[in-house]
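Quick notes on the structure that follows.
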2 protein chains.
Amino acid sequence: MRDVDLNRIRGLQLFAGMSDARFTDATGGAFLQNFPANATLLYEGDPVDFLYILLEGTVELQGTWKDKESTLAILRPISTFILAAVVLDANALMSARTLEKSQILMLSAESLRRTMNEDPAFAVAVAQEVSGCYRGLVRSIKNQKLRSGAERLANYLLTLQVRQGGVETVTLPHEKRTLASLLGMTAENLSRAFATLSDYGVEVQGAEVKLARPVPLRRLAAPSPLLDNHMPPGKGTTGKAAKEMWPPSERSCSAERG
Amino acid sequence: MRDVDLNRIRGLQLFAGMSDARFTDATGGAFLQNFPANATLLYEGDPVDFLYILLEGTVELQGTWKDKESTLAILRPISTFILAAVVLDANALMSARTLEKSQILMLSAESLRRTMNEDPAFAVAVAQEVSGCYRGLVRSIKNQKLRSGAERLANYLLTLQVRQGGVETVTLPHEKRTLASLLGMTAENLSRAFATLSDYGVEVQGAEVKLARPVPLRRLAAPSPLLDNHMPPGKGTTGKAAKEMWPPSERSCSAERG
DNA sequence: CGGATATTTGAAATCTCTCAACGACAGTGG
DNA sequence: CCACTGTCGTTGAGAGATTTCAAATATCCG
């Protein structure tokens, strides 16, 4: 493990209150691994021996049942994943695989559990991190159960717009079929959802999507902090109001949602 | 606060590793409250000042968007709720209301956060509890995205059967319209889903549901520990295999799912 | 009993999925 | 350079699932 790699995660909320000694200890058995695109890191049901931290690339978390599969989240750096299974020493509920060439840091689950017990600040940080992920999932379920396909797409596009700095034309960061699965629909249906949104000024050209009439689009989408996380990760404002609306640990779980 | 009430929660995983002194401290600002049926405890978006612990009765957690609402979980004693918001000092993402007369213990969120910082074992227990809830939600999303309405109902019935001790005729613990919302469908559709399942030996008589042909029903439902939590709360076996399959904290989040 | 609420059923509309075909595109190898 | 191939995205048609609205029936509770 090179220091330069460890330093990249030293700044995470998760390790914030930790002493250097303890950090060194916790990351003792860690190693950095490079994966090609479409590499499966973990199958659902597998025992979890590591906490994964995505440093470069893209990782998809997915679930399977009876030959059907669904994307539950798409991760971008820097994100931890499978933390809850690590905490409980349980089997994975989701499969993880790379969508592109990725660099992933793997920390020993057992070391982390030991560190949790030895370092109170770390245990608190873990609780906060998992709580943030939990709240992300609550939003996810609400999004899924309360909105139609076109509404989910509209909100996805508006969230993307905020994350990309408010540009008029956003760039879809993933293949459309992956996006469809994330949004809980088939690829064909995503196509039709885009067609539906053309009535609201959405113009698609490959991965480029122009949101030409934001006002009617927002009226359809009705984004809400109770269902959507519009904060650009790592771009949180420092004002008190913004902090309370989007606590840091909630931002650190940077999964894009369906 | 009477000791007899505090003793009821003293045995929870959440407070297991805690010293009596610290427990007394943490529950200092606590109070017990009785609510009638259909009382709203908390609206989504509200600041969260308490950790709620359901001692008697039934509580529904629900989400709302644009005049639509959906039941996210139904809680039975003894369950904590809104823990993640307490940990992060954030606003509630779900509304909570009683479905029947309920007795609820309310612990000061601020005291709990302070206790987390002072008592490492408690911080670990919180992390484990939230992790268990997180995994419950992962199962929930997979259930919702991967299964059809009839499949969700079939699995709900089979889970109910296990929880009620393997009886042939299970008793629905909630109104059908509430159940429908939990399962992510309309009340009308739940009726039709029951009709569909009659081909699989499901006979409905009010709240009594006879599962007359378990084998074909199970083939349709295809229950899986990766999507369902079949363990009866408080009835976990003590064998090693069972423990690894259903870690204690995962059981403590006794939300019934849709 | 009466009235309110819950549940079921029917019919139509809407949404979503499946299957199939087609065009666009990139990479390969002749 | 150009067919060949495979993947991806779109479109159409039909089937299936789900929702909505309306009405009928059942159940609960005072």
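No lab work stands behind these numbers, since they all come straight from the coordinates. Computed from a predicted structure; not experimentally measured. Note that we place each Cβ from the backbone using ideal geometry, even for glycine, and neighbour counts take in every protein chain shown.
Worth a mention:
- For the pair A:Arg10 and A:Asn117 in one chain, pulling the backbone fully straight at 0.36 nm per residue adds 36.6 nm over the alpha carbon distance.
- Label geometry 7 Å along the beta-carbon vector: A:Gly201 inter-copy distances in nm: 5.9
- The alpha carbon radius of gyration of segment B:148-226, expressed as a multiple of 2.2 N^0.38 Å, is 0.98.
- Label geometry 7 Å along the beta-carbon vector: A:Asp25 inter-copy distances in nm: 2.2
- Put in line by how crowded their Cβ is, counting other Cβ atoms within 10 Å and starting with the fewest, A:Lys66, B:Lys142, B:Lys176 read A:Lys66, B:Lys176, B:Lys142.
- Dipole in debye (nearest 20) - the protein assembly as shown, about Cα centre, beta carbon charges: Lys, Arg +1; Asp, Glu -1: 1000 debye
- Ranking A:Leu14, A:Ala73, A:Ser224 by Cα position along the charge dipole of chain A, where only Lys, Arg, Asp and Glu carry charges on their C-beta atoms, puts A:Ser224 farthest toward the positive end.
- Taking every alpha-carbon pair in segment B:19-152 and binning the separations at 5 Å intervals from zero gives 2, 10, 17, 22, 21, 15, 8, 4, 2, 1, 0 percent.
- The mean count of C-beta atoms from other chains within 10 Å of the C-beta of residues in A:64-73, rounded to a whole number, is 4.
- Taking the Cα centre of segment A:3-142 as reference, the dipole from Cβ charges on Lys and Arg (+1) and Asp and Glu (-1) amounts to some 520 debye.
- For B:Asn117, the point set 7 Å out from Cα toward Cβ sits 2.6 nm from its twins in the other copies, listed from shortest up.
- Separation of alpha-carbon centers, segment A:155-170 and segment B:9-84, rounded to whole Å: 36 Å
- Put in line by how crowded their Cβ is, counting other Cβ atoms within 10 Å and starting with the fewest, B:Ile74, A:Ile78 read A:Ile78, B:Ile74.
- Rounded is the label for the protein assembly as shown, because the ratio a/c of its alpha-carbon gyration tensor axes (a ≥ b ≥ c) stays below 1.5.
- The charge dipole of chain B, taken about the Cα centre with unit charges on the Cβ atoms of Lys, Arg (+1) and Asp, Glu (-1), comes to about 940 debye, rounded to the nearest 20.
- Neighbour-limited loop hits for GluC sites (Glu not before Pro), segment A:128-195 (at most 12 other Cβ within 10 Å; DSSP other than H, G, I, E, B): A:Glu168, A:Glu175
- When the alpha carbon gyration tensor of chain A is reduced to an equivalent ellipsoid, the three semi-axes, largest first, read 33, 20, 16 Å.
- When both segment A:173-195 and segment B:188-231 are represented by their alpha-carbon centers, they are found 31 Å apart.
- For A:Val167, B:Val87, A:Val204, A:Val209, the sequence from fewest to most other C-beta atoms within 10 Å is A:Val167, A:Val204, A:Val209, B:Val87.
- Net length gained if the chain between B:Ser198 and B:Lys101 were fully extended (0.36 nm per residue, minus Cα distance): 31.6 nm
- Cross-link pairs exceeding 32 Å in C-alpha to C-alpha distance, out of A:Lys176/B:Lys176; A:Lys68/B:Lys101; A:Lys66/B:Lys68; B:Lys66/B:Lys142; B:Lys142/B:Lys176; A:Lys66/B:Lys101, comprise A:Lys176/B:Lys176; A:Lys68/B:Lys101; A:Lys66/B:Lys101.
- Contact order relative to length of chain B, as percent, for alpha carbon pairs under 8 angstrom and 6 or more apart: 22 percent
- Helix-only mean residue ellipticity at 222 nm for chain B, each DSSP H run of n ≥ 4 adding -39500 (n - 2.57), per residue, nearest 500: -12500 deg cm²/dmol
- Dipole of chain B, positive direction: furthest Cα of B:Leu42, B:Gly136, B:Val215, with charges on the beta-carbon: B:Val215
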